[in-house]
Structure formats: C-alpha cells, structure tokens
Amino acid sequence: MTATARRDLDAPAPPDRPRQWGDDLRRSARSLVHGTRGTVLAVAVVGVAIGLPLPTLFHYQGPPMEEGFMLVFPERVLNGDLPNRDFLHLYGPGSLWALAAWYKVAGTTLAAERVYGLVQHLGIIFGLFALALPWGRRVATVCGVLGVLLVITPIGLTALAWNGAVALGVIGCALALAGARRLSDGVPGARPWLIAGGVAFGATLLFRPDLVVAVGLAVIALAWRRWRRDLLGPLALGFVVGVAPVLIHLATAGIGPSVEGMFLQPVFDLRGGRHLPIPPSWDRLDGALAAVAQLRVPSWPLPMLAAPQQVTLWFLALPLAAFAILGTGVAALRRAPDDHRGRILVVVGALGVGLLPQALQRPDTTHLAWVSCVSMVFLPVAFVQWGEWWSDRRRVAAQRAARAGERAPRVHPTVIRTATALLPLVLVVLVLPAYTARTWTDLTRQNLTGDYFGWAVRNDDRTFYLGSPDIAASAQAVTDELRGRIEPGDRLFVGTADLRKTPYSDAYFYFLFPEATPATRYIEMDPGIANAPDSGLAEEVAASDWLVLSHVWDSWDEPNDSRELGSDAPNQVIRDRFCRVGDQGPHYELWQRCR
C-alpha cells in the first residue's frame, strides 16, 4: 500500500457529512410521514362522505328490474344457464361471471349484491381520486366528494355492469399512466404496469362491450405523440389477456346468440323503445322512472330549478365538462410535451368523451349520472390547472411590476387552487341538487333517524326493498300466496299485466323464488324485444305454471316506441289457460294454470 493510500485511509471523515446524511434521512422520513398522513386524511374525508348515507343504502328501495336481474342472472349462471343463449342479456358476460363467483362465496343475498356494487363505486371514486393526487390532496378530496354525489347517490348500490366497467376503465387508465411515466422517466418496471393496465381495459369490454369507444380513445390519448413499441406492446398484450375470456362465452353460448345479444339487440332492437328526446324537455321529465322518483321529494333548504330543468342543464354540461378536461390536457402537453399531469388530463378527458354516447342515447338521470362519474368528477382538476396557469401569469406580471418599482396585487396560489377546485362542487350543489346533494342529504338524514325509505318484501331469508308501501304490501301478498303453493321446478313467469307492452319488469320475484325456474328468457323486459312479433313470448307464457302480472307499470309513458303495442297472443293465452288466484291488491295479480 502506498503512503498516499495509507494517508487516505487514516484520514478522518469530514465531521459534517454523517450529520448531513442523518438530516437528509430524517427530512425524508418526516416528508413521507407527513405526506402519508395528509393522504390518509383526504381519504378519510371522502370515506365520511360515503359512510354517512351508507347504512341507508342497504335498506333503500332498489330498481325492481335492474337490481332484480343482477340478483337473478348470476344465480342462473351458477345453475348452468348461459347469457344470450338461455336468457336475454344486453351486455358482456364479465359482470355476471364476477357476481356469480361472489355469490358462490357470500351467498345470493341483497346485502351481498350491494356490497359488490359498493366496491365497484369505490373503484370509480378512488381511481379518480388517485389520478387527481398530482394536483394536491385538496383537489383529490374535492374530486372524491363529487364522486360520492355523482356515483353513489343517483343510483344507489346496485351492482350494474356499467359501474364495474367504468371502474375497470378508470383503474386501467391509472395503471397504464403509471407504466407510461416509468417508461418516459427511464425507471425500470414499466412493463408490468402497462400489462396490468391492458388487462383492466380488456376486462372493461368483457363487462360492457359498448365502452370500446371510451377505451380506444383513452389508449390513443395515452400514446399521442409517443407511438412506441415498448409502450403499446405490453398494453396490447394485457388487453388480449383481459378480453380473451369472451372466447369461452362465444364457444359455449354460440357466436350467433352472443353477437345478437351483445351488439345487435342493444344497438338496433332496443334503441327505438328506450331513446329519449335530445335535449331533454325543459318542462317535464321524459323518462318514466325519473318521473316515478319524483313521487318522493325530500326537503332542500336552498332555492333550486325544477327537476326537468336541472336534467336539461345536466345534459348540456356533460359534453362541456368532457371536452374541457380533454382540451386542458392538450393545452398542457403543447406547453410541455413530457408533462405527466397533462397526459393524465388527456387520457381521462378522452375516456369521458368516449362515454358521452351513453348520455346521448337516453338522457335520463341514471344515464347522465353514468357519464358524469368521470367527466364531472374530474372537472375540478381542469379548473385547478387553468388556475395555476393564471397564477403563473399573475406572478410574472408582479415580478415585472416590482422591477419597474410598481406594486401589483397578489393572490396566494393556495387561495386560487382551493377556489378553482371547489367551483365545480359548488355548481353541482347549487344548480343540480335534485339528484345529487339533496339525495345525499336525504339519505344521511334517514341514516341518522333510522327512518328508511324502503319497504321490504320477504320470502324466507330473501329480501327486496320497494319504494312504495302499497306496492310492497301487494307484492308481499303475492309472495305469501305463492310460497304456500309453488313446487320446486315449477315454471314462474313475471311480466306486465298487459303483455302487449313490455317496458319494464319486476324481475326481483325470480330472486325471491329461487326454487322456481324462470319460464321466459325475458327476465329483463324491453320494448321492441320482449313484445316483438317473433319473440316467442306467447309460447313461454303457455309453458308456465305460475304468472305474476304487474300493474305497476301500466302508466309507463315515454316519447318513444315503448308506446307501441305488440301482439295480443300472450294475453289470449292467459285468458284461455290460466285462472286468477286470490286477490293481492291493485298492483299485482297471481295466476295459475287452470287444471
């Protein structure tokens, strides 16, 4: 060893370096703890907004057909039936497979179905929350609260395929963006994130094939200005893995029935009987279910527009919100092509634009909420981004004024950020409260008082909640009468009292009687499909043992083809072959095959 090397070894370390390393470590630890604590607090605020109305939502009325068939369809899958082949199903098989697996574990109960629906909602809310975090925890918190108002309160906890698909789409965006950032920063490990994002995108289409436009636009936005094989290759691989299970469905249910059920019927057969005017009417509610919802009008302390006017403004605001987010992202990337926050805005904006057709085909409150759950929830981020740019311009102007010896008024950036983030939330509360803030307040009040708006219909350990005590009493009378008479394996048919019109169905009766076999493939009833000349409905009625016929939807009136009458053959079969059993009130009738 040389003398120089010996002197280097013997030389003492600089006295301040260990202390500096220790200080850096302590500062990093404090920053991590502080950041984690702040994020946990933000999540807790959103959690409180979710938790306050949550107990009510487990006792609240459910949509009789939509929640009914999301209870029945997965159970039919567990019993060996196949969607599209054995029963009408207008979406992908993914949601039914997932719910069937969940029911296998948790049991087929209303509570289990709503827990699953809650998880789907949380995927949307906290997926967008995570995407908003780069703008700060305050902004993410506002997005989370908006998510509660626009995701949970308008549609409850029903485990619909749409919400699961949107949740998967949002999660796919978050995963793909995380992988793309690692790729652009040269950080190892980008490929697994991109593959996972592709899997989520593929699963999105497995739930709802009609989201192909939204997913496609999101992927284009992700790759805009950086078409790289190492970005698109893993994403495509994951997508193939995520969507590949549809091949199993095509092989088992058949290509013809699958294509008809997932593509042709929703696009061509269903459109005429479900379409509503564009824009919505200013002086009346066009959707029959929205009009029914107005039978309960909770109190609201602030002045507000009439419900139809709110629906119209909501419809007009949706494309503005979606394109505002997309346009903000494009502007951000033009300013700084490698800006990750700009890329987030472009991708989320593109996803929101791709969801707009759902609002255009039927602009009622449910479909508007389905689309709002991305665009309007993420709108605070776009507002904050413009506020930051304005603040930067103000700061530059103030610096120029200072150099010139002048004094310019200054607004603290935190004030600008908070005000711009809160503006969309304030607008929703003040302009669109009927189906958002007012509903949340009402649900919370019910939770605190224990006075739930939901009347139970029970058969042994199975329960469903309806929104009218009179209708629930009639349904319970039918249930009690049928429970003492029906035999395992009997064929049960549930439909409208006049089967020339099939705008809706009380599908929950199939859930209440799992020992019965559904006598029809139209567990979900839609105008133009169940009452079509070649639907086979009359033959299915003729093969039934029991009929539950509903007068609840006699007054269904929408400005579309649902007003048109179909064949009277099913009604004639009832008159010729069935006998009325008892009197269960004005809302439901029980019929048995005459012996």
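The values are calculated or read from the model by the stated rules, or taken from the named source; none is laboratory data. Nothing here was measured: the structure is a model prediction, and the numbers come from that model. Cβ coordinates were reconstructed from backbone atoms using ideal geometry, including for glycine residues, and neighbour counts include every protein chain displayed. Ligands, DNA and RNA are stripped out before the accessible areas are found, and what is left, the full protein with its side chains, is counted by its heavy atoms. Shrake-Rupley method; radii C 1.70, N 1.55, O 1.52, S 1.80 Å.
Can you tell me which residue in segment 271-305 is least open to solvent (accessible area, probe 1.4 Å), limited to those that are touching a residue at least 12 places away in the same chain (Cβ under 8 Å), of a type in the set (A, V, I, L, M) and part of a loop (DSSP other than H, G, I, E, B)?
Leu276
Cβ-Cβ below 6 Å, separation at least six or inter-chain, first residue in segment 357-370 and over 19 Å from Val428 (Cβ atoms) and at pLDDT 95 or above, second open to solvent by 20 Å² or more (accessible area, probe 1.4 Å) and small (Gly, Ala, Ser): which pairs?
none
Before we move on, is Ile471 under 19 Å from Val457 (Cα atoms), over 27 Å from the mean Cα position of the chain (by Cα) and either charged (D, E, K, R) or crowded, with 21+ Cβ neighbours inside 10 Å (or both)?
Numbers: under 19 Å from Val457 (Cα atoms): yes; over 27 Å from the mean Cα position of the chain (by Cα): yes; either charged (D, E, K, R) or crowded, with 21+ Cβ neighbours inside 10 Å (or both): yes.
Criteria met by Ile471.
Need the failing condition index for Gly80 against (1) open to solvent by 10 Å² or more (accessible area, probe 1.4 Å); (2) in contact with a Phe, Trp or Tyr (Cβ under 8 Å, 6 or more places away or on another chain); (3) more than 30 Å from Ser468 (Cβ to Cβ); (4) not β-branched (Val, Ile, Thr), just the number.
It fails just one condition, (2).
Looking at Val45, Val72 in this structure, which one is more than 20 Å from the chain's Cα centre (by Cα) and under 30 Å from Leu443 (Cα atoms)?
Values: Val72 fails: more than 20 Å from the chain's Cα centre (by Cα).
That would be Val45, the only listed residue that is more than 20 Å from the chain's Cα centre (by Cα) and under 30 Å from Leu443 (Cα atoms).
From the list Thr56, Thr39, which residue is open to solvent by less than 50 Å² (accessible area, probe 1.4 Å), under 44 Å from the mean Cα position of the chain (by Cα) and modelled with pLDDT under 95? Lay out the reasoning, then the answer.
On the way: Thr56 fails: modelled with pLDDT under 95.
Result of the check over Thr56, Thr39: Thr39.
Taking interchain pairs and intrachain pairs at least six residues apart, which have beta carbon atoms under 7 angstrom, with the first residue in segment 159-188 and farther than 25 Å from Leu71 by Cβ and the second outside any helix (DSSP H, G or I) and open to solvent by 10 Å² or more (accessible area, probe 1.4 Å)?
Here the result reads Arg182/Gly189; Ser184/Asp338, each pair linking segment 159-188 to a residue that is outside any helix (DSSP H, G or I) and open to solvent by 10 Å² or more (accessible area, probe 1.4 Å).
Would you please list the contacts, defined by Cβ atoms under 6 Å and residues six or more apart or on different chains, that run from a residue in segment 30-49 that is β-branched (Val, Ile, Thr) to a residue that is open to solvent by less than 90 Å² (accessible area, probe 1.4 Å) and at pLDDT 95 or above?
Val45/Thr141; Val46/Gly144
Within segment 546-567, is even one residue charged (D, E, K, R), crowded, with 16+ Cβ neighbours inside 10 Å and touching a Ser or Thr at 6+ places or on another chain (Cβ under 6 Å)? Give the derivation first.
The first filter runs over segment 546-567 and keeps only residues charged (D, E, K, R), leaving 554, 557-558, 561, 563-564.
Still in the list and also crowded, with 16+ Cβ neighbours inside 10 Å: 558.
Checking the rest, the ones that are also touching a Ser or Thr at 6+ places or on another chain (Cβ under 6 Å) come to none.
No - not one qualifying residue is present in segment 546-567.
Residues that are of a type outside the set (Phe, Trp, Tyr) and open to solvent by less than 10 Å² (accessible area, probe 1.4 Å), at least 2 per element: which helices (runs of 4 or more DSSP H) completely within segment 198-262 meet that? Write out each step before concluding.
Working: elements: 212-223, 229-243, 246-253, 255-259.
Because the criterion is at least 2 residues that are of a type outside the set (Phe, Trp, Tyr) and open to solvent by less than 10 Å² (accessible area, probe 1.4 Å), the helices (runs of 4 or more DSSP H) in segment 198-262 that meet it are 212-223, 229-243, 246-253.
Would you pick out the residues in segment 95-121 that are over 28 Å from Leu146 (Cα atoms) and crowded, with 18+ Cβ neighbours inside 10 Å? Let's see the steps before the verdict.
First, pick out the residues of segment 95-121 that are over 28 Å from Leu146 (Cα atoms): 96-97, 100-109.
Selection gives Leu96, Trp97, Ala100, Trp102, Tyr103, Thr108.
Where the second residue is of a type in the set (Gly, Ala, Ser) and open to solvent by less than 70 Å² (accessible area, probe 1.4 Å) and the first is in contact (Cβ under 8 Å) with a residue 12 or more places away in the chain and part of a helix (DSSP H, G or I) and lies in segment 396-416, which pairs have Cβ atoms under 9 Å and are six or more apart or on separate chains?
Between residues of segment 396-416 that are in contact (Cβ under 8 Å) with a residue 12 or more places away in the chain and part of a helix (DSSP H, G or I) and residues that are of a type in the set (Gly, Ala, Ser) and open to solvent by less than 70 Å² (accessible area, probe 1.4 Å), the close pairs are Ala398/Ala408; Pro413/Gly387; Pro413/Ser391; Ile416/Gly387; Ile416/Ser391.
Working carefully through the options Glu388, Glu406, find the one that is open to solvent by 70 Å² or more (accessible area, probe 1.4 Å) and among the acidic types (Asp, Glu).
Details: Glu388 fails: open to solvent by 70 Å² or more (accessible area, probe 1.4 Å).
Result: Glu406 is the single residue among Glu388, Glu406 that is open to solvent by 70 Å² or more (accessible area, probe 1.4 Å) and among the acidic types (Asp, Glu).
When both residues are 6+ apart or on different chains and their Cβ atoms are under 6 Å apart, which pairs have a first residue that lies in segment 328-340 and is at negative phi, and a second that is in a helix (DSSP H, G or I) and open to solvent by 30 Å² or more (accessible area, probe 1.4 Å)?
His340/Arg181
Quickly run through segment 552-595 and pick out the residues that are in contact with an Asp or Glu (Cβ under 8 Å, 6 or more places away or on another chain), among the hydrophobic types (A, V, I, L, M, F, W, C) and in a loop (DSSP other than H, G, I, E, B).
Within segment 552-595, Val552, Val581 qualify.
Which number in (1) aliphatic (A, V, I, L, M); (2) open to solvent by 20 Å² or more (accessible area, probe 1.4 Å); (3) under 23 Å from Ile50 (Cα atoms) marks the one condition that Ala421 misses?
For Ala421, the exception is condition (2).
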